[in-house]
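J.: Pasting a structure below so you can have a look.
Throughout, read-outs are computed from the coordinates displayed, never taken from laboratory work. Note that this is a predicted model, so its numbers are computed, not measured. So basically every Cβ, Gly included, is an ideal-geometry build from the backbone, and we count neighbours across all protein chains shown.
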Amino acid sequence: MATTQRADIDGYVSGPDAPTRATARALTKVDDAVAVVLVEGISDQIALETAAVGRGRDLAAERVVVVPIGGAHAIGRFLTRLGPLGAGVRLAGLCDLREEELFRRGLTAQVGSTPTRADMEHLGFFVCVDDLEDELIRALGTAEVEALFDSQGDLGSFRSMQNQPAWRGRQPDAQMRRFLGSGSRRKLRYARLLVEAAVGRDVLPRPLDALLTAV
């Protein structure tokens, strides 16, 4: 049976094989790129591209391509394929804290020494603590995120999740991260909404802001 594809999140395909398709689509553009940004998944791609638009940039016109690599485990393969660092296309990237070591090992193979966090940033690779959702929730504040849920008709669903035994009494930011990650379409939709809110309030998280500056 053929897999159903849906291009219903601002043109980003959803569905079981969405990561593979998103990677393949981005890779068709890298031959003409002056900079390639390697991110873990589609939500990171949406967040970065939304942040760029909010800052008045046109990444396509600038020939900056954001490539979702389908998970941090693939970073070494993509660095090897698109590298070496400092030659030809400029490489940059974004990862979550728990995946920092995977990115560090990939960069080590390229530069010949183990980079510190500061070294990684000098190379154009930035780490979200603990992840991008956490950075955005912290930047906006839980009250603002809750108001955003309300505006999208999701507050009732969020309240239901908060009342589940496993999540009752937990910190609001942890509950929000769980809620955002509980469905792929929700995660993709809020990647755009949260970044738009952060740009509008001039509180874009540092990893996104610094990465945009780097490319």
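J.: Before anything else, pin down the relative contact order of the chain: Cα pairs under 8 Å, at least 6 apart, normalised by residue count, whole percent.
T.: Answer for the chain is 23 percent.
J.: Using Cβ contacts closer than 10 Å as the measure, can you line up Ser157, Ser182 from fewest to most?
T.: Fewest-to-most Cβ neighbours within 10 Å comes out as Ser182, Ser157.
J.: What list of whole percents do you get for P(r) of the chain, with Cα-Cα distances grouped in 10 Å bins up to the one holding the largest distance?
T.: Calculated P(r), rounded to whole percents: 8, 33, 35, 18, 5, 0.
J.: If you don't mind, there's one more thing I want to ask. Amide H neighbours of Cys128 under 5 Å, at least 5 residues apart or on other chains, H built in the peptide plane: list them.
T.: Cys95, Asp96, Leu97
J.: What are the membrane-span-like helices in the chain by this rule: whole DSSP H runs, Cα extent along the axis at least 30 Å, mean Kyte-Doolittle hydropathy at least -1.0?
T.: Helix filter hits for the chain: none.
J.: Here's something else I'd like to know. Return the single residue from Gly70, Gly41, Gly141 with maximal mean-square fluctuation; model: Gaussian network over the chain, springs between Cα atoms under 10 Å.
T.: Gly141
J.: A further question on this structure: Projecting each Cα onto the charge dipole of region 6-214 (Lys/Arg +1, Asp/Glu -1 at the beta carbon, about the Cα centre), which of Leu123, Thr213, Ser157 comes out farthest on the positive side?
T.: Ser157
J.: Sticking with this structure for a sec: Arranged by the count of other C-beta atoms within 10 angstrom, fewest first, what order do Leu123, Leu155 take?
T.: Lowest count first: Leu155, Leu123.
J.: May I ask for the net charge around Arg63, where only other residues with Cβ less than 11 Å from the Cβ of Arg63 are counted and Lys, Arg are +1 while Asp, Glu are -1?
T.: -2
J.: Shifting gears a bit: In debye to the nearest 20, how big a dipole does region 6-214 give about its Cα centre with +1 on each Lys and Arg Cβ and -1 on each Asp and Glu Cβ?
T.: I would put it at about 420 debye.
J.: Put +1 on the Cβ of each Lys and Arg and -1 on the Cβ of each Asp and Glu in the chain; which of Ala139, Thr23, Ala35 then has its Cα farthest toward the positive end of the dipole?
T.: With unit charges placed on the Cβ atoms, the residue in question is Thr23.
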